[in-house]
Amino acid sequence: MMRTPMRLLVSVRSVAEAQTAARGGVDFIDLKEPRDGALGGLPIATIADIVATLRGQGVDVPLSATIGDLDESAVARDVEDVLGRVHAVARCGVDYVKVGILPGAGALLGALAACGAPVVPVFIADRGLDEALIEQAAALRFPALMVDTADKGAGSLFDCLGPSRLQRFIAQARGGGALAGLAGALRLTQLPALAALAPDFAGFRSAVCAGDRGGALDAARLHELRRRVDEIQGPQRRSSPSSSERMRDSSAR
């Protein structure tokens, strides 16, 4: 059985960047404000504008957006506020709403699973992963689970978690019927290691920007990333289901 290839997710902050990403052949377009943290949220009006523009131009790749960074005290104080932010983003027409999951967020996971929005929990890996939270999320049947890092200046995801732990996370996500995504200051030099892990998708921002991740999306860097992903994975990308089909299949489980 041929392994499903790793898909490419790229984060953008504006209509112009989203159009650049679409022209660059990415598989998922993720809407966020990288200058406001790992999962910095864009204004609701900006999210809606990006969605309307892309869909109006016939771009049909899955779109995700974040609700903004959370801290542990805020989650403990007001789960309803988090859910309100989830629904506000979902109403913009995105396919998936990304929510950061910190240690101790078991109650939040349960509420997110029951809220009716297409939520993708993103586990922050700087201090390792909470095994119980991962297992809980897998059992709740989210469409996808992700791992990311908060401190992009401290290194990449591979500096926080070793290949064996990342492989276990992928297996845990898939065991619950979810797609598995990896992100966290990933670099082009790490593409062979990523391809060996074979997540369903890998997220990039820093590697495709001019300067740091807060800079502008660079079309040439994005083209090089797409070329190298295709080169590493070979013809299997062309013969596998589209990213849209994969995500739709997962959300219907």
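Note on segment 38-162: Kirkwood radius taken over Cα pairs, Stokes-Einstein applied at 10 °C and 1.306 mPa s, translational D equal to 105 µm² s⁻¹. Extension gain for V59-A88 works out to 8.2 nm (0.36 nm per residue, less the C-alpha to C-alpha distance).
Helical runs assigned H by DSSP (4 residues or longer) give the chain a calculated mean residue ellipticity at 222 nm of -12500 deg cm²/dmol, each run adding -39500 (n - 2.57) before division by the residue total. For segment 6-21, the residues whose amide N sits under 16 Å from a probe point set 7 Å from the Cα of D230 along the beta carbon direction are 6-9, 21. With the gyration tensor restricted to C-alpha atoms of segment 7-248, the semi-axes of the equivalent ellipsoid amount to 24, 21, 17 Å, longest first. Each residue of segment 120-128 was assigned a 3J(HN,Hα) from its phi angle through the Karplus expression (A = 6.51, B = -1.76, C = 1.60, θ = phi - 60°), giving 10, x, 10, 8, 7, 9, 4, 10, x Hz with x at Gly and Pro.
All of the numbers you see were taken from the coordinates with simple rules; none came from a lab. A quick note: this is a predicted structure, and the numbers were derived from the prediction, not measured. Methodologically, a virtual Cβ is constructed for each residue, glycine included, from the backbone with ideal geometry; neighbour enumeration extends over all protein chains shown.
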